[in-house]
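Notes follow the structure.
Rule-based calculations on the coordinates, nothing more; no lab input. If you're wondering where the values come from, they're calculated on a predicted model, not measured in any experiment. Note that we place each Cβ from the backbone using ideal geometry, even for glycine, and neighbour counts take in every protein chain shown.
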Amino acid sequence: MKAIFHVGAAHPWADAFAGVPWALLPIANRPLLDYWLETCAEQGIDHVQIILGDGADQIESFAGDGTRWGIRIQYGFARVGERPLDYVRQSHERRDDGLLFVGGPFFLRRRKAFHAGGFQILEACRFNHADETWFLFGKTAVEVETLLAGDAGSSRGLEQIHIHPFPIDRMAAYYDLNMKMVRGEFSRYLTAGYGMADGSSVGYNVLTPPSALLRAPIIIGNDCRIGAMSTVGPNAVIADHVIVDSHSELSNCIILQDTYIGQNLEIHRKIIFGRRLIDPDDGTVVEIDDSWVVARNRPDMRTEDFIRYCILWFLALGVSLVQVLPFLILYPLVRITRIGAYRRQLFHDPKTGYIGLPVFQKIENRRSVVYTLFRAAALDRFPWLVLALRGRLFVCGQPPMRHPQDDDIITQLTHYYPAVFSYSDYNKDNDRLADALWYVHVRSLFEDVKILIKSLLHRFFRAGR
Amino acid sequence: MVVTCSKEHGIGVIQVGKSLTSATTDAFREQFSKWQSVEPDVKNYVIDLKQVDFMDSAGLGTLIAVLKCVTEAGGDMKIACLQKKPRMVFEITRAYKVFEIYDTVDEALKMFN
């Protein structure tokens, strides 16, 4: 059997999520398309044709060749003015062994744990919505032809295998479906992260201070940071890479990926996507221009970045001029006493892919005044500062990511600023990925100067301990 | 920025036009202060936001500043006809806890009586 997923038709309610095609909109933190492909994998449908429209590159980037699901995916493009079912009518060769067709934002909502027989026992059926066929299933070419000719198919439809057809035809339906999932239905599907007994799911690398309150049921994606004194839940769906600042309350809401929620906000019965605030009841969209309220987590600030870079370069020049003489005196002593030395290690580089950086390492574990002075003056970072002056590193930013140890982190960063000094210089317990994402959001001249001063002071007072 | 000020039963009714954002807040404050100086006996105000279809944090901050100014002078301020989009901003920033909000200007005026 083969499957055809037509995701090329536009649906006005999904325009509020400009930039994300509706097939990739998350349902309980997984794209809608992911559920369809999971169904194919479960039912032994190994060949899928996806018909693309707007956002084709994103869908292709997400689904790839289907290896993730153990299936084979091919792509085609919708013609202008073509209705989804027209494509199926014109492609006879694809329905010889039966066909599963989905032609709209349609969720196969499981009413209970999926029946092992699944589509093997499902009779030929179709589901129409607003004069369009959104779902069609036939096990043989004859069944498919009959349905395409206008036959309604089995009266039981998908309910025969305990699937409730859920068309997502407006914003309220999208919100409603997510709320249904967070209230307890998502356990019927494959989920990412840790599942709790109270019906919650928390993804990987989620930082929550003790003062933050998580009230079940909630779904939290990967790499999120919840601020102090914040309350998340009940009934909150938080996607990946979301930052919730302190004293905010989130309930009955959907926060899409890469969103920053500011301090002391009350998000109730809302959908937030970057700086867009959406009312799920009528789809009203408000664009918030104040980045301290809500914002996209990965802003593009090229001018600010350039100004910041220039000012920091002069600061680095000042620090390195102060360090050059102590370095020339102390480093030979460090080598003579054999207390430490530089070792070249491979790091990720945003321009060239990889870069070898000299990393100072202690060779012998014994006390040494020379070593203490060397560390206290941050002279171990002198070669990195020289590289920063040559434009190979940033002065303040994210810690350089090692290859291959930090390859996973690199894949999740769209902005990478390998720097001489970073949060990890004065707070070693923090998670590197969360810190890196946080820096991308809060990066500014003030933040960089803060990192520089705190790093230097921390080294000065903690050296030798 | 058009701010229309009138007096009904001794209460100032301030009708704000279009949007209340960082680009228009200065004009709003200026025109409001000017009218206050002309009508010094008016202590209570109703801010009619019927025509305001967008408001940002600067607009919200201005309304809070005006409320502070009015209450310090011994009066009170209420908001009327808050539209859908500004209402959403009020909701997420908890500003609805700071202001008394009414559906119509008449309702707000009645509450003063």
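Here are the numbers for the structure shown:
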read-out	value
A:Val324 versus A:Thr411: modelled label distance in nm, points set 7 Å from Cα along the beta carbon direction	4.4 nm
Net +/- balance of residues flanking A:His164 in space, Cβ distance below 14 Å, scoring K and R +1, D and E -1	+4
Rounded tilt (10° steps) of A:432-442 against the dominant C-alpha axis of chain A	90 degrees
Vicinal HN-Hα couplings computed from phi for segment A:28-43 (Karplus, 6.51 cos²θ - 1.76 cosθ + 1.60; Hz; Gly/Pro x)	6, 6, 10, x, 3, 4, 4, 5, 5, 5, 4, 4, 4, 4, 5, 9
A:Gln74 versus A:Gln120: modelled label distance in nm, points set 7 Å from Cα along the beta carbon direction	2.7 nm
Cα gyration tensor category, rounded, prolate or oblate, for segment A:82-175 with a/c compared to 1.5	oblate
Backbone HN-Hα couplings from phi across segment A:348-363 [Karplus 6.51/-1.76/1.60, Hz, Gly and Pro as x]	6, 10, x, 8, 9, x, 9, 8, x, 10, x, 10, 6, 10, 6, 8
10 Å Cβ neighbours from other chains, averaged over peptide A:262-272	2
3J(HN,Hα) from dihedral phi, segment B:88-93, Karplus parametrisation 6.51/-1.76/1.60, rounded to Hz, x for glycine, proline	5, 5, 4, 5, 6, 8
FRET efficiency, 1/(1 + (r/R0)^6) with R0 60 Å, evaluated for A:Gln263 and A:Leu389 via beta carbons	0.95
Between segment B:37-68 and segment A:433-450, the alpha-carbon center distance in angstrom	37 Å
Semi-axis lengths (Å, descending) of the ellipsoid that matches the C-alpha gyration tensor of chain A	53, 24, 20
Full-extension gain in nm, A:Asp281 to A:Gln90, via 0.36 nm per residue minus C-alpha separation	64.9 nm
Built amide H within the under 5 Å cut-off of A:Phe360, gap 5+	A:Arg343
Spatial separation of Cα centroids for segment A:293-354 and segment A:171-230, in angstrom	38 Å
Relative contact order for segment A:258-350, counting Cα pairs under 8 Å that sit 6 or more residues apart, in percent	20 percent
Hydrodynamic radius by Kirkwood, which averages 1/r over all alpha carbon pairs of segment A:152-228, in angstrom	14.8 Å
Length released on extending from B:Arg94 to B:Phe112, taking residue separation times 0.36 nm less the Cα-Cα span	4.1 nm
